[in-house]
Amino acid sequence: MNEKNIQLETATLGSGCFWYSEAIYERLKGVKSVISGYSGGSVPNPSYESVCSGKTGHAEVSQIIFDPNVIPYAELLKVFWKTHDPTTLNRQGADVGTQYRSVIFYHNEEQKREAEYYKNELVKSGAFDSPIITEITPFNKFYPAEEYHRHYFEKNPYQGYCAFVIAPKVEKFEKAFKEKLED
């Protein structure tokens, strides 16, 4: 297939700290880029500090550009659901606040349908002991995070949060999804 004919797609997913979600999605085959940022709020061009205040309404998200011929959207959703806790309101582990909510910002009706289908299947299967509270909402606007947040885990593997929180999660992810990882 000619590289110029590839139609890339975009997914915008919030599953807690964007340092972690960026670190996992960028390891997947078919993912062309992952950008940490903010979505779902009411304040234009928010800063990290303003998002952390909880007053902007934004969630920390990863915007994922991917080749659906290599990794379909459904596979990104599988990773999304299996790498965070979709049952905790505004919290992922020790990270607390509306910016850490579980949210899928869909870019088209097909993404909406797939996200709702997957969520409903998880509910029916009883995969989680508590109700799934993940929001599935239309994408509106994405604001890239400040440069120092991009590739944070890669650039700061020995920083405390990265070493003790993110690294073990990334190792667990790599074991669970080894057949999907970039070589």
**Prompt:** Using beta carbons and a limit of 6 Å, which pairs, at least six apart or on different chains, have the first residue in segment 162-181 and free of Cβ contacts under 8 Å to residues at least 24 places away in the same chain and the second one buried (at least 19 other Cβ atoms within 10 Å of the Cβ) and among the polar types (S, T, N, Q)?
**Reply:** none
**Request:** Only residues in segment 33-44 that are farther than 17 Å from residue 135 by Cβ and without any contact (Cβ under 8 Å) to a residue 60 or more places away in the chain count as the first member; pair them with residues that are polar (S, T, N, Q) and assigned to a strand (DSSP E or B), Cβ under 8 angstrom, at least 6 apart or cross-chain, and list the lot.
**Result:** 34/62; 34/63
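State yes or no: is residue 24 touching a Phe, Trp or Tyr at 6+ places or on another chain (Cβ under 6 Å), buried (at least 22 other Cβ atoms within 10 Å of the Cβ) and assigned to a helix (DSSP H, G or I)?
Numbers: touching a Phe, Trp or Tyr at 6+ places or on another chain (Cβ under 6 Å): yes; buried (at least 22 other Cβ atoms within 10 Å of the Cβ): yes; assigned to a helix (DSSP H, G or I): yes.
Yes.
Output the residues belonging to segment 58-70 that are touching a helix residue (DSSP H, G or I) at 6+ places or on another chain (Cβ under 7 Å) and more than 18 Å from residue 19 (Cβ to Cβ). Working first, answer last.
Of segment 58-70, the ones touching a helix residue (DSSP H, G or I) at 6+ places or on another chain (Cβ under 7 Å) are 58-62, 64, 66.
Scanning segment 58-70 gives a single hit, 66.
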**Complete:** When segment 83-125 is checked residue by residue, the ones that are in contact (Cβ under 8 Å) with a residue 60 or more places away in the chain and of a type in the set (A, V, I, L, M) are 94, 103, 104
**Prompt:** Assuming residue 140 fulfils every condition listed in (1) closer than 30 Å to residue 49 by Cα; (2) in a helix (DSSP H, G or I) apart from one, which condition is it?
**Reply:** (2)
**Request:** Mind counting the residues in segment 168-183 that are acidic (Asp, Glu) and not in a loop (DSSP other than H, G, I, E, B)?
**Result:** 3
**Prompt:** Residue check, residue 50 against (1) part of a helix (DSSP H, G or I); (2) closer than 30 Å to residue 182 by Cα, all met but one. Which one?
**Reply:** (2)
**Request:** Could you tell me which numbered condition residue 97 fails, if it satisfies all but one of (1) modelled with pLDDT of 95 or more; (2) in contact with a helix residue (DSSP H, G or I) (Cβ under 8 Å, 6 or more places away or on another chain); (3) more than 20 Å from residue 24 (Cα to Cα)?
**Result:** (1)
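The values are calculated or read from the model by the stated rules, or taken from the named source; none is laboratory data. In this text, all values refer to a predicted model and were calculated from it rather than measured experimentally. Glycine also receives a Cβ, built like all others from the backbone with ideal geometry; neighbour counts cover every protein chain displayed.
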